[in-house]
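Undergrad: After the structure tokens below, expect a handful of questions from me.
The values are calculated or read from the model by the stated rules, or taken from the named source; none is laboratory data. Not measured: the values here are computed from a predicted model. Neighbour counts run over all protein chains shown; Cβ positions are idealised from the backbone, glycine included. Surface accessibility is based on the protein's heavy atoms, side chains included, excluding ligands, DNA and RNA. Shrake-Rupley method; radii C 1.70, N 1.55, O 1.52, S 1.80 Å.
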Amino acid sequence: MADGCDMPPGKPMSAEKTVIDKGAEMLQSLKPLKHFKQQFCSFALFSHDPIRQIETHHFCSRLNHDFHQCAVYNSDSTSAQLIGVEYVISESLFKTLSPEERKLWHSHAHEVKTGLLACPRVPESLYRKEIAEFAKTYGKFWCTWQVDRGDRLPMGPPALMASPQGVNLGWVRPDLVKKRDDRYGISAAELREKRADIEEPDTIEGSNADYWVKCGKGFSVDVVETAMNLRAPFP
Amino acid sequence: MAATTQVDMPGKPTETVTAVLDTATAAIQNFHPINKIHQHLCAFHFYGDDMTRQVEAHHFCSHQSEDLRQCLIYDGDGPDARLIGVEYLVSEELFLALPEAEKPLWHSHEYEVRSGVLFMPRVPGPIERRALEQVCRTYGKTFHFWQVDRGDRLPLGPPQLMMALTRDGQLREDLAKDVESRYGVSFEKEREKREYMEGQAKGIHPLANGAGKGLRLVLTEVDLPPVSSVPRAFV
């Protein structure tokens, strides 16, 4: 189990509440959820503090060829905590972003080629084409529950996440990788060898992705009090 | 029954071969955290600093315990719905245990449920009311990442703290009528049937709902240690 996976706060579901929920569930169609087709495991860093690194489990649905939206959890078990959302876009969509917006996005090539990103249980050959394309995509990942620092409930504003990169502050700790690899009986090192020939993405003029690597600055998110624009009294 | 804020997604349509591969790999993987999502709630959120900007919010929720739910927020309930945010729901007991500085980020649900504005699509009234009796007493924390209401075709900019309706007169009449007509519901009629429901036992906490203030999330660039300041750790 990934860190932070102890019992959730609160009482276990009572039989009565489970029955009520089941009755309602049978009548609802839950269509958006049927489109979750991709699942992978990787690692991410906090952009304001890259020393803090977490294992992530992405469940993605594809809206079209160039766009995925992912629910991110801290494990792939039934007790997994929802820790954030990541959007994944192709190079061509990334090029449409403004320079300021691009600072919030990260590249995926490093985590693909080093074997950090894995699809446990799926033969590599089956998703080889996908992974080669993924290596050329960009992601924007907001973490809403910082389980790695022991939060038993989601606290504070979301944090912007960064991806592992080939610089010292961007390497993922070997103990985290080993823990993940042992759990699934896989090896990042082996995946790295198999993926050696995966193409790097093109260099984009004025990219600004992985901004922290180039400029030594991360992003913190703060809550600021302001006047609410009202149309009726509040609260 | 798609939400009326749908716009075309930028990007190319999914190729058939990709769709087939997606289905093949999905058959091998487990999707435990997604499969656990069992409940669809429809409600409205507004921006934490701007009540005039309101969004129809479709929640797809799972229970972590009887006191804690985690939800994916979509802008509609169709197969092309966009994942726009997350919400966590906690019991009154868990809310009261939160630090004082954290409480303003959470909103109460009593008004939304008792007014009929929060509902479970396609679930008959009696079952729906049993399920919502508990929601009535909870607090929620919601972040959106995609400002679809201003026409953003991609998730741009910083995350947004969202708030929920707390009294009559706040909800835009056009949004209300649109939802009522699409789902064949009447908020007014449902309100009468929900008069018996009870909100928080200790009343709505004065620090909830932004403590009555507008709240905004701000991104700030922060200095990081030089990327070479940690020894290379990954082998």
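Undergrad: Give the relative contact order (percent, whole number) for chain A; include only Cα pairs under 8 Å separated by 6+ residues.
TA: With pairs under 8 Å counted, the relative contact order is 23 percent.
Undergrad: Measure up A:31/A:179; A:31/B:103; A:136/A:178 against 28 Å on the Cα-Cα distance and list the ones that go over.
TA: Beyond 28 Å: A:31/A:179; A:31/B:103.
Undergrad: With each label point set 7 Å from Cα along the Cα-Cβ vector, what nm distance links residue A:192 and residue A:132?
TA: Those two pseudo-labels are separated by 2.2 nm.
Undergrad: With every protein chain kept in place and ligands, DNA and RNA left out, what is the accessible area per residue of the protein assembly as shown? Probe 1.4 Å, answer in Å².
TA: Accessible area per residue, the protein assembly as shown: 38 Å².
Undergrad: I would also like to ask the following. What FRET efficiency comes out for the pair residue A:11/residue A:203, r = Cβ-Cβ distance, R0 = 51 Å, nearest 0.05?
TA: 0.40
Undergrad: Using only the Cα atoms of the protein assembly as shown, what do you get for the radius of gyration and for Dmax, in Å?
TA: Final numbers for Rg and Dmax: 21.7, 66 Å.
Undergrad: Related question: Roughly how many nanometres apart are two label points built 7 Å out from the Cα toward the Cβ at residue A:155 and residue A:124?
TA: Placing both labels 7 Å beyond Cα along the Cβ direction yields 4.1 nm.
Undergrad: A further question on this structure: Using every pair of alpha-carbon atoms in chain B, split the distances into 10 Å bins beginning at 0 and state the percent of pairs per bin, rounded to integers.
TA: Histogram of Cα-Cα distances, whole percents per bin: 7, 28, 33, 20, 10, 3, 0.
Undergrad: Stokes-Einstein diffusion coefficient for the stretch A:120-235 at 20 °C in a medium of 1.002 mPa s, Rh from the Kirkwood formula over Cα pairs: what value in µm²/s?
TA: The estimated diffusion coefficient comes to 117 µm²/s.
Undergrad: Leaving ligands, DNA and RNA out of it, report the carbon-plus-sulfur percent of the accessible area of the protein assembly as shown at a 1.4 Å probe.
TA: Carbon-and-sulfur percentage of accessible area, whole number: 55.
Undergrad: Which residue, chosen from B:127, B:211, B:83, occupies the Cα position most advanced towards the positive end of the dipole of chain B, where the dipole is computed from +1 (Lys, Arg) and -1 (Asp, Glu) charges on Cβ about the Cα centre?
TA: Checked the options; the winner is B:127.
Undergrad: Over all residues in B:75-84, what is the mean tally of Cβ atoms on other chains that come within 10 Å of each residue's Cβ?
TA: Neighbouring Cβ atoms belonging to other protein chains average 5 per residue here.
Undergrad: Only Cα pairs under 8 Å and at least 6 apart count here; give the relative contact order of the stretch B:1-143 as a rounded whole percent.
TA: 21
Undergrad: Treating cross-link reach as a plain straight distance, find the lysines whose alpha-carbon is under 21 Å from the alpha-carbon of residue B:193, omitting any fewer than eight places away in the same chain.
TA: Partners found: A:17, B:177.
Undergrad: Here's another thing I want to ask about it. For chain A, report the % of Cα-Cα distances exceeding 30 Å.
TA: Of all Cα-Cα pairs in chain A, 30 percent lie more than 30 Å apart.
Undergrad: For every helix of n ≥ 4 consecutive DSSP H residues, a contribution of -39,500 (n - 2.57) applies; sum these over the protein assembly as shown, divide by its total residues, and give [θ] at 222 nm rounded to the nearest 500 deg cm²/dmol.
TA: One gets -6500 deg cm²/dmol as the mean residue ellipticity at 222 nm.
Undergrad: Right, another one. Decide, for the stretch B:88-214, between rounded, prolate and oblate: order the square roots of the alpha carbon gyration tensor eigenvalues as a ≥ b ≥ c, take rounded if a/c falls under 1.5, and otherwise choose prolate if a/b is larger than b/c, else oblate.
TA: In terms of gyration-tensor shape, oblate.
Undergrad: While we're on this one: Pop a pseudo-label 7 angstrom from the Cα along the beta-carbon direction at both residue B:223 and residue A:91 and give the gap in nm to one decimal.
TA: For the pair residue B:223/residue A:91, the computed spacing is 3.6 nm.
Undergrad: OK, next. Taking chain A as a Gaussian network, Cα atoms linked when under 10 Å apart, which of A:132, A:196, A:15 shows the biggest mean-square fluctuation?
TA: Looking only at A:132, A:196, A:15, the largest GNM fluctuation is found for A:15.
Undergrad: While we're here: Can you tell me the length gained on complete extension of the stretch residue A:49 to residue A:29, counting 0.36 nm per residue apart and subtracting the Cα distance?
TA: Working it through step by step, the gained length comes to 3.1 nm.
Undergrad: At a threshold of 8 angstrom on Cα-Cα distance, excluding pairs fewer than six apart, so keeping six or more, what relative contact order does the stretch A:1-120 reach in percent?
TA: 22
Undergrad: Turning to a different aspect of this structure: Which lysines have a Cα lying under 17 Å from the Cα of residue A:11, excluding residues fewer than 8 positions away in the same chain?
TA: Cross-link targets: none qualify.
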